[in-house]
Each structure stands twice: as C-alpha cells, then as structure tokens.
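Heads up: the structure comes next, in structure tokens.
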C-alpha cells in the first residue's frame, strides 16, 4: 500500500458509501465516512417516506465479497415473478428467470442501517453524522463540512469518494473546476412518484401474493408493490408530473378517487388511504445523471448515484452502486494500492457500464408500464424463455443478463440485448407466430440467426 | 408597461447582452448592464485572442430592428462562397446561396465594442464593467457583484437576464435551485481550437481571395480562415484535444511542422508563425449547453449562449442569440409589458429553436470537415441548387433555410432538412447519377418526391 494514500474520506453514508467504507477498511485504509443527515437508527429522518429496492445478483455478489450476504438476506423477501394486474383485476404471472431465480425486496432504510452498523464495527472507520459537505479543495483535499453544533469543520485526507447520491455535492463542486473539461448532465424524467402502503392482514400475513413484485401497468403510468417482512407492501405510483393525467392535473379528491377506481380497481380496497396520501404528499422527481470524467486530480472519485443516477425501472440503481464498490475493491488489490492506476482503471471499467445501465433502465419504463400488458410482449418472453432453456449458452434473456449474470458487464448485456431484439423482431414476423410459437421451425430459425449474429 | 417591472438587470455585456440592453431601453425600460471584464475599448483584454464570426440574415434582421445594421456593415466583409483547399493546394469554390447571398465576416471584439458604444448612448442604460455576478436571490432579485475596488456590490431589479455565455453564472446558480426540476447539460466536444493569423500583404491587400470563407477540410480536423478589413485573415484550427492526431499528441515543433506541411501545404507560407502559435497557445474547448426551463420564477431568463451554447460550425451562435433578442423584444410589444406572459412565450418559442440549431451546428462539423471534400457531397449540393432554382417555393437548401431565411424557425429548417435528406438519398441511388445529374428525369423524380413528402 502506498503510505501516502492511507486516509480516505467518503462523502455520503447511504448504502453505497457504507459498503465502500467497509470494503476499504478491510483492505487496511483509514476511512472517515460523512453523512449530512442524522443517524436514522436514532432519529426518524424519513418522515413517512419508505422506499423498497430490489436487490439482485450483482448486489449479492458485492455483499458476499465482504461476507454480509446472509445478514442482509434475513430481512429480504425473494420475488420469483412479476404479477401483472389488469384494469379488471385479472392477474398474469411472469417469472423473472429460471427455477429459483429471484430478485429480493429490501427496505432502503433497513439495508442502509444494517450496513452502517457493520461499518461501525470496523476499527478503521469513523462515522460522522450531520456533517454536510460545504467546500472541497480538489488539490489539497481539504474538505469543510457544516455541522449543527460546531459550525464549519475541516477534514483532510489523501483520497475522497463522493457517494453522495443523485444531487451529489462532490459532483457539483467538481463541475465548477476550471480547465478540466467536465461534461455533465442532469435530466428530469416526465414522471414523478409517491409511496403508498398496503398494510398487513390482522394476522400479519400479506394481502396479496407475497413472493412477487406486483405491477399495475397502465402505459403512461403504473403502480408497483414490493413486499415487506412485516406483512405490508410498499407501493410506488409513477405518474407524469404535468399534463393530461398527472400529479398536477389530479388536483381534487374526486378526481383522484375516480383515477384509482378506474385504474387500480383491485388495489384500491387494499391501499391505506391512497387518496389522502396522493393529496398530501409532494411527488419525488426521477433523474438521470451523466458525468465524465468520474475521477478528478487522481484523488477524487464518484461512485453510485453520484456518478450515474438512473431511473428505478430495472431495479439496478443500488446493485450498480454495489458493483462499483466490488470492482473498485478488486482493483485496489490488483494494483497494490497505486491509486492513480486504481482510479484510472475504475473509471475505464465502470463508466461504460454506468452509461449502459442508465440506458437500459430508461428503456424499461416502457417495458414495465406498457409492454407488460401486451400480448406480443408476453409471447416474446415465452419464446425467449423456451429458446434459452434449449440453448442456455447461446441465449440468456436480457433481463437475466442484467439481473442474474453478475459477471457480465452491463455494457455487454446492452449490446447483446440489442442483437437479440433484432432476432426477435424477425421471429415475430413469422406467419401465425401466435399460433405456432411452439413449433420446431421457430427455434431452428432462431438458432440459425443466433449463431450468425451472436457468435462473433 | 407594468410599472412593477421597469428595472431590468442584464448579466453579461457580450454582443447579445449589449443588443438586448439597447432593445429593452428603446422600449422604455431602465437597464443595468453588468460585465465581469474590463471595457475592451480601454484595456486590451483579449490577450492575442481574436475570434471572427459569420453574421448572416438572422443577425442582420435583429440589428436592423434597432436600426444599427448599416453601422455594423461598415466593418463587415461579405463572403459569397466557401473556398475549399485540398492537400495539394487545389481550390474548389462553392457558393453559399443564390446570386448575391453572403455571410459576413466580423470580428467578435469589434461588433461587441460597436454595440457597447450604442448602448452607452441610450439614456436608460447604465453599464457596469468589472462587476462579476457572485450571488443572486431568485425571489427578491437581489444580486451581488464582486468588484476590484468596492468589494461586493448589491443591486436590485425587477427582472434579470443571464446573457453571460457558455459558462453562465446565472445558469449555474439556477441549476442549484431546489425543487425546480431543472434539467441541464454541458458537453465538451472532442475538438478544441486555436486561432492563427494570416497577415496582409505589404500593400494592405488580402493574401487569398477576400470575399470567401476558406476551409481546409481534413475529416478529423480542419483549418478555416475569415477575412478582416485590414487585409488579414483570422484562422481557426479545429483539432481533437487528445488521441492520435491531436493538440496533446502534437507535442514538439518537429511534429507540428510536419503536421502543417502535410495538411496545409498552401496555407503554411501564409500563416504567421503557426508552429510557435501552436506550441504556445492553450487550445480552447467547444461546448454544447442544454437547459430547461430557460425562465425561473417568472423573472429570470437566459438568453444567447447561456441558454443554448453550440459549436461554431454553422456560424449561428451569435445569430441565434440576436434572434432571441429580436423575438423577445417583439413579445414585449405584443404582450404589452406583461412579463409573465412575455417570458412564458419567449421560452415556448425559443427553446425548440435553440435545440434545433445546437443539433444542426453539431452535424455541420462533418459537413465542413469531411463532406466538403467529397464528390457525392458536392454533387448533392449541385443537384439541390439546380432544383431549388427550378422550384424555389418547393425547395430551399438546408444551409439557406438556416442562413438566409430569417423568418423560418430553426426547428422547421431542421425538420424540412431531414425530409430533404431522405429525398436526396433516393436521388443519389439513381443509376449513373454522377453522369446524368443534369437530365430531366432526375428533377421530375425529385419534384414528385418533394410534392409527396414536403407539401403536407
């Protein structure tokens, strides 16, 4: 290890910052982990906001690299399939992958608190809550944090990571650096979201199928529900911020009630006061963040949402951030503590993958909210699943590449997925495909196309 | 006029800020025009940097709206055609439009000083040089400017425009506003640029054809030259910042000399110390800026590069900024000083046009640096010119729509141009088109396609 580089600052103690701290401390670095908010284990900082995340294989791989997979799994619920609810309340089940493959519902607050507690046990980690980054000298790495009681506090280190999320202060300060040619964008999506809740039954059981992610796909908007261990579901309504049917246009209890009655018939009796919640909550925005470079002056790096905020429609935001941590940690070992090389390799390896998953997640809104209810879409999925069982080495469905193939880079998944789409477009042109989709000629053609286009 | 809204601040006294000040003052508003730099008429602030711009019909229309067209024209040189220089020094001439249509070479510093002097004559305008915007309260419109002698100076007004360029402070402050859902991006292009000079002959005459824009198109890079009234040419070399042949890779006098000898044979003996200039100058970046909204709290607006910085390859940056001013000024008259309506209409009308010209300018790098030397490209231009002469109501070439059709919005030019490209792609597929391009069947087909696709 380069002795000049042993003190590391991490701005942001969300799930990514906390995991990164644990990984670096285990590799022998002194880590100061700063968080602008209070310790959520002691103070209720979420104010009725609860977010659930879908943890999948990339996340697990990173968590298992530091041996905390089992601990986290105790509070996670496997979801083996999507359950689509149509406007009549009819259900369609669609497995996420093969056999026992699942994505896991976790509460963001819960996993964050677990990781913070793990970080606290590390002797090399110091956690500073209620320290908000205010200034950073990108040359000397002198950082100033504003605190409630002690005013502006100065902290020096040799390296600094911005794990401070979509509106990262580290990133915003970096953007102001002169002569560094930093390209960056922050884009608001048309949709915003609010959380709603389905409480458990009196006996603590779930009111809908427990081991599933529930979706009410309605094209321009959708409702989803993820299970919690206490029997409740955390639901999220994604809806345009403005326009015809939107958070702005639905401005009275009557309109909102009619909206729920018309679109979410079967969910309405299960949800806790959805109309009140809709009327009283401020909808949260969805953003995409791009920036390049991710590394400044060979000693400041961005990680997680700070580098690549995406929309939640692929359930990959946290998984991607955890993968950033795993890859970085592997590079630390590989380059034996030479941080110029580590950071350069980190940026080279992760930037294209960040871009790819941002793109995949953006596209998946259409898949979740629109195509999920479409018969062509469902047939495509069935044919793909069938072909994938016949030729597992030749065809892994895109969703599985992203979700269940943690050693395949996102950028490769995106590229292969685009070729698969071309092939499936051709297959779906076959005459009577809806009737004959199980006949051998379909899979013979698919095999021929796959060999020609994918085996390069 | 709304008496509540009579004091206007403009941040940035470049050409756009100065013209906007004149327009608003003539409509009865008190304008305070702030500029971070010193008065260039008194101090040499450009330090060897000289930029020439191509003023064209959109710019003239705006200047003529305040009656200053003739004054500006005294220092401008019409360029009727591009003169392309190949690697052997062979020349190809390509007119910009029909007959006497020209774009006009002006020095940025010169036109800026002329507009500042015009602004100074307006009794309602106060100009404050060496006042750098530091803080802005977007509610109260209290602005603070840092000055050399008087420290931080506070100024209050009812409305504020950010005409402060690509790296606009007003925009950067707006981006930090909470809960406003401001999408924004700043993208660095791979190319940077430096200025070079061709001095006049001893008798003050030009060393190359005066009334032309000279281009040395070399695909990945290019040199251009614009004439000045003193007999000199201001040249700009556009080249990748990094990579195989780039500002970074050409790091010795030998390499730079060889680069000029190989690529700019005929220019080399005319240029003043190009190798020294190349070695000693820091290359300037090229950026694209997008932001939405352009208007904040109904009283702060962005204009010019601050709202829509583009690359210089269509010669439209300043023209677009001047058009912003003209349209805004017309809306002021139309909405009788109701600024909420004025600003909403300004944003609605100008944002799509800003996006369109950013896109057109980006695409034009390929046209200038690559296609200009291509025989297919030249043939396309010839066929288009011919058809356009036959059916002037049906076909105005894209370049002419952008440059010589100041009443056609950029967004319409872009949309029509894309349809023209489809049609020309079909025409270029005709057999023996290079031999038979003058035969009637070409123009008959083109007429049929144009009627079908363009006359909707």
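The residues of segment A:153-167 include none that are within 14 Å of chain B (Cβ to nearest Cβ) and over 24 Å from the mean Cα position of the chain (by Cα). Taking segment A:1-103 as the region of interest, the strands (runs of 3 or more DSSP E) fully inside it that hold 1 or more residues being surrounded by fewer than 21 Cβ atoms within 10 Å (Cβ to Cβ) are A:7-11, A:30-34, A:77-79, A:81-85, A:91-95.
Checked against the criterion of being at pLDDT 95 or above and surrounded by fewer than 16 Cβ atoms within 10 Å (Cβ to Cβ), the candidates B:158, B:149, B:137 yield just one match: B:137.
In segment A:168-225, how many are within 14 Å of chain B (Cβ to nearest Cβ) and over 22 Å from the mean Cα position of the chain (by Cα)? Final tally of qualifying residues: 11. Checked against the criterion of being more than 14 Å from chain B (Cβ to nearest Cβ), more than 23 Å from residue A:286 (Cα to Cα) and without any contact (Cβ under 8 Å) to a residue 60 or more places away in the chain, segment A:128-139 contains one or more residues that satisfy it. For segment B:257-281, the candidate set comprises residues that are more than 24 Å from residue B:83 (Cα to Cα) and in contact with a helix residue (DSSP H, G or I) (Cβ under 9 Å, 6 or more places away or on another chain); within that set, the residue that is farthest from the other protein chains (Cβ to nearest Cβ) is B:276.
Among the residues making up segment B:336-388, those that are closer than 30 Å to residue B:441 by Cα and not in a helix (DSSP H, G or I) are B:370, B:374. Being away from chain A (no Cβ under 14 Å), exposed (fewer than 15 other Cβ atoms within 10 Å of the Cβ) and modelled with pLDDT of 95 or more is a description that applies to residue B:142.
In a residue-by-residue description of segment A:247-267, the property of being under 30 Å from residue A:173 (Cα atoms), surrounded by 14 or more Cβ atoms within 10 Å (Cβ to Cβ) and in contact with a strand residue (DSSP E or B) (Cβ under 9 Å, 6 or more places away or on another chain) applies to no position. The condition of being under 30 Å from residue B:284 (Cβ atoms) and buried (at least 19 other Cβ atoms within 10 Å of the Cβ) holds for only one of A:186, A:239, that being A:186. Among the residues making up segment B:442-455, a single one is under 31 Å from the mean Cα position of the chain (by Cα) and more than 13 Å from residue B:421 (Cβ to Cβ): B:455. Looking across segment A:107-143, the residues that are in a strand (DSSP E or B) and in contact with a helix residue (DSSP H, G or I) (Cβ under 7 Å, 6 or more places away or on another chain) come down to A:125, A:127, A:133, A:136. Could we say that residue A:174 is surrounded by 17 or more Cβ atoms within 10 Å (Cβ to Cβ) and more than 30 Å from residue A:249 (Cβ to Cβ) here? When the stated conditions are applied, residue A:174 passes them.
Among residues belonging to segment B:282-313 that are in a loop (DSSP other than H, G, I, E, B) and within 14 Å of another protein chain (Cβ to nearest Cβ), point out the one that is surrounded by the most Cβ atoms within 10 Å (Cβ to Cβ). By that ranking, first place goes to B:309.
The values are calculated or read from the model by the stated rules, or taken from the named source; none is laboratory data. As the structure is a computational prediction, the values presented were derived from the model and not from experiment. Positions of Cβ are backbone-derived with ideal geometry, glycine not excepted, and every protein chain shown enters the neighbour counts.
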